[in-house]
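Written out below as C-alpha cells is the structure these notes cover.
The values are calculated or read from the model by the stated rules, or taken from the named source; none is laboratory data. The shown structure was predicted, so the numbers you read here are calculated from the model rather than taken from an experiment. Cβ atoms come from the backbone with ideal geometry, glycine included; neighbour counts cover every protein chain shown. For accessibility, only protein heavy atoms count, side chains too; no ligands or nucleic acids. Shrake-Rupley method; radii C 1.70, N 1.55, O 1.52, S 1.80 Å.
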Amino acid sequence: IPVEANDSRVVLELPDREAHQNHLGGPHAAVQYALAEAASAGMLMCGLGDAFALARPVVKTAQAAYKTFVRGPIEAMATLPPETRERLLAELDSTGKALGTVRVEVRAKGREACNEFIFSWAFRKSA
C-alpha cells in the first residue's frame with residue numbers, strides 16, 4: 001500500500017497477515033525483500049519520471065541486511081538522493097544507459113530499528 005511517493009522518497013506499507021509470517025510470527029524475509037524491491041522500483045519511477053518509461057530497468061545486484069526482528073505491519077522507505085537522480089538522468093540522456101543504487105529501510109511500523117536493503121539497477125533506453 002503506497003503511503004508516500006515523491007521524487008526523493010517512497011514509502012510502502014504492508015499490513016500484518018498470517019500468510020506473510022514466518023515460524024516466529026514476524027514477516028518472512030522474502031516478504032520484506034519483495035516489499036523493499038517494490039519500494040525501490042517505485043522510487044525510480046517517481047524519481048526519474050518520464051525517463052523511467054523510456055528505459056528498461058533491471059536489478060543487477062541486491063544486498064539485504066536483516067539487522068532486527070520485526071513484527072506486525074511493516075513499512076519500506078526508499079530514498080534517492082538528488083545527486084544520484086541527476087546523474088542517472090544525465091547518463092541515460094547522453095549514453096542511453098545508466099547504473100544506479102537505491103537504499104531501502106524496512107521496519108515495523110512506527111519503530112526506529114530497521115532492516116536495510118540496497119538495490120543496484122541497470123537501465124538501458126528502449127529501442
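Checked against (1) of a type in the set (G, A, S); (2) touching a helix residue (DSSP H, G or I) at 6+ places or on another chain (Cβ under 8 Å); (3) open to solvent by less than 50 Å² (accessible area, probe 1.4 Å), S40 meets all criteria but (2).
This table checks each residue for (1) free of Cβ contacts under 8 Å to residues at least 24 places away in the same chain; (2) within 20 Å of S120 (Cβ to Cβ); (3) of a type in the set (G, A, S).
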| position | (1), (2), (3) |
| --- | --- |
| P2 | no, no, no |
| N6 | no, no, no |
| V10 | no, yes, no |
| A19 | yes, no, yes |
| G25 | no, no, yes |
| Y66 | no, yes, no |
| F69 | no, no, no |
| P81 | no, yes, no |
| T95 | yes, yes, no |
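For P81, the stated conditions do not hold, so it cannot be described as open to solvent by less than 90 Å² (accessible area, probe 1.4 Å), in contact with a Pro (Cβ under 8 Å, 6 or more places away or on another chain) and of a type outside the set (A, V, I, L, M). Has region 107-126 got at least one residue that is among the hydroxyl-bearing types (S, T, Y), part of a loop (DSSP other than H, G, I, E, B) and either in contact with a His (Cβ under 9 Å, 6 or more places away or on another chain) or surrounded by fewer than 16 Cβ atoms within 10 Å (Cβ to Cβ) (or both)? Yes, region 107-126 contains at least one residue that is among the hydroxyl-bearing types (S, T, Y), part of a loop (DSSP other than H, G, I, E, B) and either in contact with a His (Cβ under 9 Å, 6 or more places away or on another chain) or surrounded by fewer than 16 Cβ atoms within 10 Å (Cβ to Cβ) (or both).
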